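These notes concern the structure reproduced below.
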């Protein structure tokens, strides 16, 4: 399984390549000595031969053609033709007429790619320049500077999906479902997820102001947070004794690189200490790696049984099945979910629900049923693109729908502030 396949909600925000087009070379600096005339002619002749060959080959393959003097792209996967000479016209105008010259050509290139990607209209398909690609990779590894909040989009409104435990976001009172209206006074309306995260992130010890509208309230408030080094293990385990019965509680913050090892150790402890009931807490878990979701579900789902089904844009269907012996099968399990449980969390919860292996307690999940793939580009930038939609073993699509709990229990803002957890209390009650 490709370890670059991702299922997650936050965007720090395979590419459609721009077809080859003739580009005017940059103007030679006035103080640079010109090449000898003979060398110039030789290079020009060679370039002309290559261009003629490329145009002939491309036209023969049907990938592009000249129509009324315009370079028109006609790829096999296009439903209509596109005149890409318009792009190069705009590029030339910018480089010849913009008042502040010279322009950073690499920045222009990244901007063009970012615009191309965002035009797909999917908040989870995005482009990271090299700097933000590194930040995104650090987040998946569990170490980064920021406030510890996951953001997402719901009904065209930017929201807080989750505030990670013991982070500035949680200490500042940010809750799942809160609307994120502004960052440092700048409205998030029309802002992409990766742009928002870029503004929130910053050096530890510096301050960022976020304007929040708490769910169910009418007045927004600006909260000042001090960024910190966020180092959050993806999984924590504890056990409790309830009426003489040992209950194991697995809290999963995300499906990251360290999850498999931490979960395997927790399962060892569960089996060695006589645990009779398990709470799998997926609240506020925005997702992560697909293969980690599969190995997690494999602790309950029988070997070679379907865990999740993917349907790609071309109709191709791919089944992901349980990969190991279900060491936790037979131990009564409750899965805690809320509106911050998304993507990979919904895969695991959906599989356990469909097979009757767990009871879902809490609130309706986020509803992100799409799969992203990371592609590293040659300049260390990265493109994250939605490649498929996924379905539970019972062929239920979660995208934009979410999973309904078997037992609905709300955890209000007052509960959070008072450190009450009626959802966990209900799970423990069911496992008595």
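Observations on the model:
- For region 405-421, a residue qualifies if it is under 21 Å from residue 248 (Cα atoms), loosely packed, with under 14 Cβ neighbours inside 10 Å and at pLDDT 90 or above, and exactly one does: 420.
- Flag if residue 290 is within 27 Å of residue 126 (Cβ to Cβ), touching a strand residue (DSSP E or B) at 6+ places or on another chain (Cβ under 7 Å), surrounded by fewer than 24 Cβ atoms within 10 Å (Cβ to Cβ) and in the same structural domain as residue 397 (by TED's automatic domain parsing): no
- Checking the stated criteria, residue 402 turns out to be on the phi > 0 side of the Ramachandran plot, under 24 Å from the mean Cα position of the chain (by Cα) and surrounded by fewer than 24 Cβ atoms within 10 Å (Cβ to Cβ).
- Cβ pairs under 7 Å, 6+ apart, first in region 96-108 and over 14 Å from residue 129 (Cβ atoms), second modelled with pLDDT of 90 or more: 103/94; 103/95
- Checking 102, 176, 123 one by one, the residue that is more than 20 Å from the chain's Cα centre (by Cα) and either assigned to a loop (DSSP other than H, G, I, E, B) or under 24 Å from residue 213 (Cβ atoms) (or both) is 102 and no other.
- Region 163-173: number of residues that are crowded, with 16+ Cβ neighbours inside 10 Å and outside any loop (DSSP other than H, G, I, E, B): 4
- Within region 198-207, the presence of a residue that is under 22 Å from the mean Cα position of the chain (by Cα) and in the same structural domain as residue 333 (by TED's automatic domain parsing) is excluded.
- Residue within region 190-203 that is assigned to a helix (DSSP H, G or I) and within 25 Å of residue 362 (Cβ to Cβ) present: yes
- Residue match in region 310-321 (condition: in contact with a strand residue (DSSP E or B) (Cβ under 7 Å, 6 or more places away or on another chain) and on the phi > 0 side of the Ramachandran plot): no
- So residue 140, is it at pLDDT below 65, within 30 Å of residue 212 (Cβ to Cβ) and either part of a strand (DSSP E or B) or out of contact with any helix residue (DSSP H, G or I) (no Cβ under 6 Å at 6 or more places or on another chain) (or both): yes
- Members of region 192-207 that are within 18 Å of residue 136 (Cβ to Cβ) and either surrounded by 13 or more Cβ atoms within 10 Å (Cβ to Cβ) or at pLDDT 90 or above (or both): 192, 193, 194, 195, 196, 197, 198, 199, 200, 201, 202, 204
- Identification of strands (runs of 3 or more DSSP E) wholly contained in region 235-284 with 3 or more residues that are in contact with a strand residue (DSSP E or B) (Cβ under 8 Å, 6 or more places away or on another chain) and closer than 16 Å to residue 341 by Cα yields 245-252, 277-281.
- In region 422-432, residue surrounded by the fewest Cβ atoms within 10 Å (Cβ to Cβ) [restricted to those that are touching a strand residue (DSSP E or B) at 6+ places or on another chain (Cβ under 8 Å) and modelled with pLDDT of 95 or more]: 430
- Identity of the residue in region 219-250, surrounded by 21 or more Cβ atoms within 10 Å (Cβ to Cβ) and out of contact with any helix residue (DSSP H, G or I) (no Cβ under 7 Å at 6 or more places or on another chain), that ends up farthest from residue 279 (Cα to Cα): 230
The values are calculated or read from the model by the stated rules, or taken from the named source; none is laboratory data. Just so it is clear, the model here is predicted, and its values are computed rather than measured. No Cβ is skipped: glycine too gets one built from the backbone with ideal geometry, and neighbour counts run over all protein chains shown.
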